[in-house]
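A.B. asks: Have a look at this one before I ask anything.
The values are calculated or read from the model by the stated rules, or taken from the named source; none is laboratory data. Note that this is a predicted model, so its numbers are computed, not measured. Because the Cβ atoms are built from the backbone with ideal geometry, glycine has one as well, and the counts that use them run over all protein chains shown.
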């Protein structure tokens, strides 16, 4: 069970003022101080041994029990830590740190009410330790006691006054009790008395969500009058313009934001990604020149920020400008040559652009820099396969096998690829050997099962074996159109054409209509069953599919 453990920063150095330079030199004369020194220096094992020896010798040593609990808590032995803290509290219930530590090791998921009761007693006994009130407030909310949570909040605000944190907490509690309007009135009353760009921006977002555009803009503008660089308010104002289709104002605001070198690059990138994901293609198409400019300005303001460069790459690829996508991605990798994600992104965009020579060159560089990452060899294989450099693919796969060192996933990938490539080279004997080796590693490896079965089928050999392997693939992945096609076609070849039709119908449901090969097989099966009219319908669809591919 996942534990909801409230780990509090403990004042573990209660006794440390007495341990000066002279004390340290005599630590070995005092086993307790020696164990404390171990704990403070981070040698938890030695500290735990020392405190364990102390409680074994004297079970009434409350301080030793407390520190033993801290050691066990550091080792994430939460239940054992709780036992130690309970011992310490039992020996001295007037010590705040013992009581507080006892709570830090409480499993609230098992006994939330007990935890609440202990915190209530702690705060009654130690009213000056008011920071624990926030913990109690959260516990009340977890126990669905909003009235008690608000009562604690009243005490906090009565003592410390209102703050952004307190009014936002109050607003959140009220919202959870379905008092939505009251929750936002709390914030309105607060900003009428205090200046807070944060709370004003929260109100702006609320009004924007309620389609009160004027009120939203008023709040964002007021926030910016207090802090002209406050990012949430700047973005909020820009979003208000966008949602109200005031696009000239929107792009003017957005350009101002992204061109500000003091604005957070991370926040800028997050917002731009949000816009790209959240808007439809018509918007991106209609305002492509403006978005291009915004992206260029953002990168110019933060030319070395990897996140922004990645966003610009993704946008350029989405916009069909692969040269730009590659350029941004290459810049990122040049800036961060030790970054695997940067290398992978760059090579991925090269792959999308089908620049196979460049992919191979980049992969060779990445393989040298990250020799443990097989993904770069796999990408290199993909490029070499498309260049029909089958020998190069085999060499890579053999190297992958050498480096796999018992890694079944890498071994399977290499052996399966070798089987495919040997087949492309016309060496079916070697292909089948590779598939057999792969299936010894994992008898349920569907890619090898399917391809092995398909190539046997093409040769008209061992069709019973092929059918058995193919059957396993559709049991493993019943919605895979390619596997359904293989199984259906072998059924047809073995004289089970009527049964084959059932699996081709399934293939049509799961994407088969997008494959010329699957459609052609289905037409043959339908004609063999005398269903010529339905076969003609699919023949027409096949012709349309061929025209789309031209």
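A.B. asks: Would you call residue 472 over 30 Å from residue 372 (Cα atoms) and either at pLDDT 95 or above or within 32 Å of the chain's Cα centre (by Cα) (or both)?
C.D. replies: Against the criterion (over 30 Å from residue 372 (Cα atoms) and either at pLDDT 95 or above or within 32 Å of the chain's Cα centre (by Cα) (or both)), residue 472 qualifies.
A.B. asks: Could you pull out every one of the helices (runs of 4 or more DSSP H) wholly within segment 62-167 that has 3 or more residues that are surrounded by fewer than 19 Cβ atoms within 10 Å (Cβ to Cβ) and at pLDDT below 85?
C.D. replies: 112-125, 132-142
A.B. asks: Restricting to segment 397-420, and then to whatever is over 31 Å from the mean Cα position of the chain (by Cα) and either modelled with pLDDT of 90 or more or surrounded by 21 or more Cβ atoms within 10 Å (Cβ to Cβ) (or both), can you tell me which residue is farthest from residue 465 (Cα to Cα)?
C.D. replies: 398
A.B. asks: Moving on. Which ones in segment 209-233 are more than 23 Å from residue 193 (Cβ to Cβ) and touching a residue at least 24 places away in the same chain (Cβ under 8 Å)?
C.D. replies: Result: 213, 229, 231.
A.B. asks: Can you give me the number of residues within segment 383-438 that are in contact with a helix residue (DSSP H, G or I) (Cβ under 7 Å, 6 or more places away or on another chain) and closer than 18 Å to residue 459 by Cβ?
C.D. replies: Total satisfying the criteria: 13.
A.B. asks: Considering only segment 516-547, state which residues are free of Cβ contacts under 8 Å to residues at least 12 places away in the same chain and part of a helix (DSSP H, G or I).
C.D. replies: Passing the criteria: 527, 532, 533, 534, 536, 537, 540, 543, 544, 547.
A.B. asks: Return yes or no: is residue 200 under 24 Å from residue 303 (Cβ atoms), touching a helix residue (DSSP H, G or I) at 6+ places or on another chain (Cβ under 6 Å) and in a helix (DSSP H, G or I)?
C.D. replies: no
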